[in-house]
Amino acid sequence: MARMPSAERRRQLVEAAIRAMSRDGVARTTTRSIAAEAGVSLSVFHYCFDSKQALLEAAIETIIGDYVARVMRAVEPRATLRETVRAALRTYWEDVTAHPEHHLLTYDLTQYALREPGFEHLARAQYEQYVRSATALVEQVGAVRGSEPKVPVPTLARHLAAAVDGMTLQYLVLRDEQAAEEQLELTADQLVLLIEG
């Protein structure tokens, strides 16, 4: 096995965990199966991560961080506030439809964390990260458009996180593209009203 920096080895294990958990589910994925998926020994896993908990936290951060980074890059001045908001939501939605297995995994991780004693804080951290991401998005939209939302940013961010979460889960269950498009448009309209007042 080739030597590589620990940060790169951690990334390799996180990517392997995401693949394994997307395929097999969180409950059935073990540290041994993650190490096998990554092509490393179990001792390498334990060198990089203190526990499965630490790895799950890194996996959640990676999945959310990847699509949030893409959404934030999509926020740029458009002709109207609605077009600016719509472009950001569209970028997120493209990630959902391109990688439904990753978004399904986030729900599996939530359920696992809520049911597994000692892991509950992971679900809380996951949803707090959603709100932080929504906050950053709302603030960036405001900065790009040069306006302050009429609704307090924390309230607006929690609403956006809840709306997107529900819309994503509904799509993963129903796989109804038309209904998802309608919800996406409605969410953009709601955000514009909440921002402009």
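The table for this structure:
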| read-out | value |
| --- | --- |
| Mean separation of Cα contacts under 8 Å (6+ apart) over length of the chain, as relative contact order % | 20 |
| Accessible surface of segment 19-117 [probe 1.4 Å, protein heavy atoms]: carbon and sulfur percent | 52 |
| Normalised contact order of segment 72-149, rounded percent, pairs of Cα under 8 Å and 6 or more residues apart | 36 |
| Per residue accessible area in Å² of segment 1-92, where ligands, DNA and RNA are left out and the probe is 1.4 Å | 51 |
| Local electrostatic count, residue 152, Cβ distance below 14 Å [Lys/Arg +1, Asp/Glu -1] | 0 |
| Karplus-derived 3J(HN,Hα), 6.51/-1.76/1.60, for each residue of segment 151-162, Hz, glycine and proline x | 8, x, 3, x, 5, 5, 5, 5, 5, 4, 4, 5 |
| 0 to 90° range, to nearest 10: angle between helix 100-115 axis and the chain longest Cα axis | 70 |
| Where labels lie 7 Å past Cα in the beta-carbon direction, separation of residue 139 and residue 31 in nm | 3.6 |
| 16 Å cut-off, amide nitrogen to a point 7 angstrom out along residue 147 Cα→Cβ, residues in segment 49-81 | 76-81 |
| Mean residue ellipticity (222 nm) of the chain, computed from DSSP H runs ≥ 4 via -39,500 (n - 2.57), nearest 500 | -27000 deg cm²/dmol |
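The values are calculated or read from the model by the stated rules, or taken from the named source; none is laboratory data. Worth saying up front: this structure is predicted, and the values here are computed from it rather than measured. Positions of Cβ are generated from backbone atoms using ideal geometry, with glycine treated the same way; all protein chains shown enter the neighbour counts. These accessible areas exclude ligands, DNA and RNA; they are computed on the full protein's heavy atoms, side chains included. Shrake-Rupley method; radii C 1.70, N 1.55, O 1.52, S 1.80 Å.
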